[in-house]
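Shown next, in structure tokens, is the structure this report addresses.
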Amino acid sequence: MTEMAREAAAGFDSTGGVGGQPVLDRLVALLDLEKIEENIFRGVSPAHSPVRVFGGQVAGQALVAAGRTVPEERKVHSLHAYFIRGGDPSVPIVYEVDRIRDGRSFTTRRVVGIQHGKAIFSLSASFQKDEGGIEHSEAMPDVPDPESLPTLQERAEGYFLGHHDRPRPIDLRYVNDPPWVTRKSGERPARNQVWMRADGKLPDQQLLHVCVLTYASDMTLLDSVLARHGVYWDLDKVIGASLDHALWFHRPFRADEWFLYDSASPTASGARGLATGRFFAADGTHIATVVQEGLLRVV
């Protein structure tokens, strides 16, 4: 384990509220995996993590592992992941990379995250060399500027939300009322819209920016399911976990510049909820798309 990773594991909590450059630097350190053998890497979790490893963390670390076996000129364009078991934050995660294919245009990698001798996570990722071609995209929703919106801490004031008062490397600004507010007001919004950015400056490494967005993509997404039913994690008896996660990266971006996360839930059934999301850069560029299914038991 690198010294930076040790410091990150000792001092960083991935779920909470107060942020800034030191907290972001710890996230960057957590994504800086230790290479222990060819195609085998090791990552750690924050010392003060919740009961399970945050899904965005393990997805981001697995993508780092995959990317370190791919030529830098090939950029990741999609990933598909399954959360198999809850991760134990008290022990490292070993990531084994399988070099599935190295083609003329595309490179495919499969990664398995292992703890206690068992797979907890699997990811397939595809990388592509830069190519030109046809291009179009949908327009970004018309929303207020992020700097005009209250901070997450201001939105959470007066509510007993335990996970919003710890260090957070991502700055979040809700466009519409957050789900803990609509739960009380009786509104049942069809969309959840949040401005996000890394809360500080990131190094100029494209894969790192993609991994930070991957990390952030597991935040607030299932809120779009819960908001439809007027319930929320800390205020109701909700048992939830990410089941699978898919991301497509359409265009280059910086994760330390504002991007809009526009999400919705088309359906929920069988104690599972489906959520879809689109990411837009501040200039309206459609940069990524996400789909996730989550376990959601309201008891």
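The values are calculated or read from the model by the stated rules, or taken from the named source; none is laboratory data. A quick note: this is a predicted structure, and the numbers were derived from the prediction, not measured. Cβ atoms come from the backbone with ideal geometry, glycine included; neighbour counts cover every protein chain shown. For the accessible areas, the whole protein counts, side chains as well, though only heavy atoms, and no ligand, DNA or RNA atoms are used. Shrake-Rupley method; radii C 1.70, N 1.55, O 1.52, S 1.80 Å.
A few remarks follow.
- Interchain or long-range residues, amide H under 5 Å from Asn176's placed H: Gln193
- The range 33-129, accessible area per residue, ligands and nucleic acids excluded (1.4 Å, Å²): 47 Å²
- The residues packed around His209, meaning those with a beta-carbon under 13 Å from its beta-carbon, carry a net charge of +2 if Lys and Arg are +1 and Asp and Glu are -1.
- Taking label points 7 Å from Cα along the Cα-to-Cβ direction, Ile114 and Tyr159 give a separation of 4.1 nm.
- Share of Cα-Cα pairs in the range 142-298 lying beyond 23 Å, as whole percent: 35 percent
- Here the accessible area is traced with a 1.4 Å probe on the protein chains. For the chain, carbon and sulfur cover 51 percent of it.
- Farthest positive-ward along the range 142-298 dipole, Cα basis, beta-carbon charges - from Leu296, Thr285, His245: Leu296
- Interchain or long-range residues, amide H under 5 Å from Leu243's placed H: Glu293, Gly294, Leu295
- Rounded if a/c under 1.5, otherwise prolate or oblate - the range 117-191, Cα gyration tensor axes: oblate
- Low-density loop positions, trypsin sites (Lys or Arg not before Pro), the range 212-270 - DSSP coil, at most 15 other Cβ in 10 Å: Lys237
- Counting lysine pairs in the chain that sit 8 or more residues apart in sequence, or on different chains, and whose Cα atoms lie under 27 Å apart gives 8.
- Global size of the range 33-129: 13.2, 44 Å for Rg and Dmax (C-alpha atoms, Rg to one decimal, Dmax whole).
- Residue of Leu152, Leu222, Leu208 that the Gaussian network model of the chain assigns the largest fluctuation, springs spanning Cα pairs under 10 Å: Leu152
- The helix-only estimate of mean residue ellipticity at 222 nm for the chain, built from DSSP H runs of length n ≥ 4 each weighted as -39500 (n - 2.57), is -5500 deg cm²/dmol after division by the residue total.
- The computed log10 I(q)/I(0) by the Debye sum over Cα atoms at q = 0.08, 0.09, 0.10, 0.11 Å⁻¹ for the structure shown corresponds, within (1) -0.57, -0.68, -0.78, -0.88; (2) -0.51, -0.63, -0.74, -0.85; (3) -0.32, -0.41, -0.51, -0.63, to (3).
- Taking Cα centre as origin and charging only the Cβ of basic (Lys, Arg, +1) and acidic (Asp, Glu, -1) residues, the dipole magnitude of the chain rounds to 940 debye.
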